[in-house]
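I have placed the structure first, in the form of structure tokens, so that the comments after it can refer back to it.
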Amino acid sequence: MHNRSMASKLLTKYPILMVGLLLMALFLFQLRDKGIFQSRKESMTASSCKAVRVMLDKRIPSNWNSKCEGNNLALSINMMIEQSKYKSFENLRAIMYRELANDLILTAKNSPSDSLERTDIVRVRLNHDKLEINAITEGRFIVKLATIKSSQLIKEHLKATVQVKESKK
């Protein structure tokens, strides 16, 4: 009881100290609401996606961007295909789908297979000036691409396991 009365006497004697403590508390609560304290906690938790990114980021080209959304891997790839490389929109579309298949295979071969298998969702977005292709699949399906050799089997596997949405720009 003696300590409380001493603290209250101190705060009444120095009201600026009380205002400073209140402002500091408000500041800390605002930082907490913005997620400053949570980001450190989240960055310290292990996930399969982070294990995949560690190895993948060392090997991907500069036009790729990868990030984790929980235990989901999101890849964004900027395509720089010149107009002279394709004759029509359908030709561009075929080139981009071939590139999507190659990128999924590259992801499978350059990721730790056990971590990629435990990654829930893998989302790939191919960006081009005229077309955007969004593909979504599960990590357990992509792992199998590292071992399939036949192009026909790869094609069938991708048709069965990858959902695609495209949009013209």
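The values are calculated or read from the model by the stated rules, or taken from the named source; none is laboratory data. Here the structure is a predicted model, which means the values were calculated and not measured. Cβ sites come from the backbone with ideal geometry, for glycine too, and all protein chains shown count toward neighbours. Areas reflect the complete protein model, heavy atoms only, side chains present, ligands, DNA and RNA absent. Shrake-Rupley method; radii C 1.70, N 1.55, O 1.52, S 1.80 Å.
Values for this structure:
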{"quantity": "Single unsatisfied condition, residue 45 versus (1) at pLDDT 80 or above; (2) open to solvent by less than 90 Å² (accessible area, probe 1.4 Å); (3) on the phi < 0 side of the Ramachandran plot", "calculated": "(1)"}
{"quantity": "Where residue 142 falls short, out of the listed (1) open to solvent by less than 40 Å² (accessible area, probe 1.4 Å); (2) more than 20 Å from the chain's Cα centre (by Cα)", "calculated": "(2)"}
{"quantity": "Only listed residue being of a type in the set (A, V, I, L, M) and open to solvent by 50 Å² or more (accessible area, probe 1.4 Å), chosen from 135, 160", "calculated": "160"}
{"quantity": "Selection count where residues are surrounded by fewer than 16 Cβ atoms within 10 Å (Cβ to Cβ) and within 15 Å of residue 162 (Cβ to Cβ), scope the range 53-106", "calculated": "2"}
